[in-house]
2 protein chains.
Amino acid sequence: MTLNQNTFTGEFSYSLDAKGRVNIPAKFRNGLTDDNEQSFVITRGMDPCIWVYPVIIWQAIEDELRKLSSLSRLNRSFVRSTVRYASTVQYDKQGRIALTSNLIDYAELGKEALIIGMVNKIEIWNPTLLDAADQASKEIESSEFDELANQIIL
Amino acid sequence: MTLNQNTFTGEFSYSLDAKGRVNIPAKFRNGLTDDNEQSFVITRGMDPCIWVYPVIIWQAIEDELRKLSSLSRLNRSFVRSTVRYASTVQYDKQGRIALTSNLIDYAELGKEALIIGMVNKIEIWNPTLLDAADQASKEIESSEFDELANQIIL
DNA sequence: ATACATTGTGGGTAGTTGTGGGTAATAATC
DNA sequence: GATTATTACCCACAACTACCCACAATGTAT
């Protein structure tokens, strides 16, 4: 089955082990192109979660960042904040990646972890925090969602 | 018979088996173009039912979502809510797809399932819930239907 | 009306996937 | 340099999923 490559959808409930490892769902691993060499870049998300990019996709982001002039203070600050917590990880023979303690703290991860496909990247959430985020957005966004939904035909 | 491809109409009453599989009506399978590789994307409907898209149609949606920048909180939230429950499934040699327990719960499916063609997608309903939805809409919509009917030539 | 093909339903089996933990190699600390 | 902590690699089990075969009911053609 040749679907879109390096593309992720769906939600999975997995667990962090004592060593801070999480499984990458088999469906996601199988969708990875070979040039990624079983590797992802993990970094802080803009929400309180961990973002996981295929290295190939991440390289494109790096290229964009490279174009931003360091003369601007805003640019420097933006580049720093996106790159600062990023590291490359390769999954082991069981399909797991090791998260850094820094990122685990940031996303407030306990034993449970929700893994969510976000098209071009993956998010790792503390289920409780995601619920809270869902609630918060539900009230605000329903009308704005309608507007977006009008642009994209479901 | 060469009707419109990837297009679905009609209602079928099928059953879920113990493993959570449903048959896709033969008429729907035969209408699928080959580039779908016998596969659909299943996800939450906006009503309490399951939406089933031919992968080709879904890929167009994904491409739209990919264009939305993750810098906007609204966009992140929108992408997450659309993609979160979506997964690709391929039907087996008997023409069945396996539903996820998540979606079965959401649509409150028991043994009976109503499968309804919705032109560019398919809906899977709990018959009881569909009756209820029918009742609820009957009262409200008849006048609004008239308005829509003026835009679309039947 | 009969024979044949197709379609829907059920279940068994083998392979895959998630999870836990053990051991060796590397790095950090005193 | 010795000891401890951390990281990477390997193996093992249990749960789940995908694949296969079988049968019954329905529809179609001769």
If you check B:K121 against the conditions, is it over 16 Å from the mean Cα position of the chain (by Cα) and either more than 21 Å from A:E147 (Cα to Cα) or surrounded by 15 or more Cβ atoms within 10 Å (Cβ to Cβ) (or both)?
no
Scanning the range B:107-120 for residues that are touching a Pro at 6+ places or on another chain (Cβ under 7 Å) and away from DNA strand C (no atom under 12 Å from the Cβ) gives B:A107, B:E108
For this session: Tell me, please, whether a residue that is more than 14 Å from chain B (Cβ to nearest Cβ), within 16 Å of DNA strand D (Cβ to nearest atom) and open to solvent by 50 Å² or more (accessible area, probe 1.4 Å) can be found in the range A:37-60.
Result: yes
Selection from the range A:10-25 of residues open to solvent by less than 60 Å² (accessible area, probe 1.4 Å), within 12 Å of another protein chain (Cβ to nearest Cβ) and either under 16 Å from A:L99 (Cβ atoms) or within 8 Å of DNA strand C (Cβ to nearest atom) (or both) yields A:F12, A:P25
Picking from B:S72, B:S13, the residue that is out of contact with any helix residue (DSSP H, G or I) (no Cβ under 8 Å at 6 or more places or on another chain) and not β-branched (V, I, T) would be B:S72
Among (1) away from DNA strand C (no atom under 15 Å from the Cβ); (2) within 30 Å of A:A136 (Cα to Cα); (3) among the hydroxyl-bearing types (S, T, Y), B:T7 falls short only on (2)
Worksheet item: Is there a residue being within 16 Å of DNA strand C (Cβ to nearest atom) and open to solvent by 30 Å² or more (accessible area, probe 1.4 Å) anywhere in the range B:67-80?
Response: no
Of the residues in the range A:100-140, those that are modelled with pLDDT under 95, under 15 Å from A:S87 (Cβ atoms) and β-branched (V, I, T) come to A:T100, A:I104
Of (1) more than 12 Å from DNA strand D (Cβ to nearest atom); (2) open to solvent by 10 Å² or more (accessible area, probe 1.4 Å); (3) within 14 Å of chain A (Cβ to nearest Cβ); (4) in contact (Cβ under 8 Å) with a residue 40 or more places away in the chain, B:D34 satisfies every one except (4)
Checked B:D105, B:D134 against criteria (within 21 Å of the chain's Cα centre (by Cα), within 16 Å of DNA strand D (Cβ to nearest atom) and without any contact (Cβ under 8 Å) to a residue 12 or more places away in the chain); the one match is B:D105
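The values are calculated or read from the model by the stated rules, or taken from the named source; none is laboratory data. Remember, it's a predicted structure, so these values are computed and weren't measured experimentally. Cβ sites come from the backbone with ideal geometry, for glycine too, and all protein chains shown count toward neighbours. Keep in mind that these areas ignore ligands, DNA and RNA; they rest on the heavy atoms of the full protein, side chains included. Shrake-Rupley method; radii C 1.70, N 1.55, O 1.52, S 1.80 Å.
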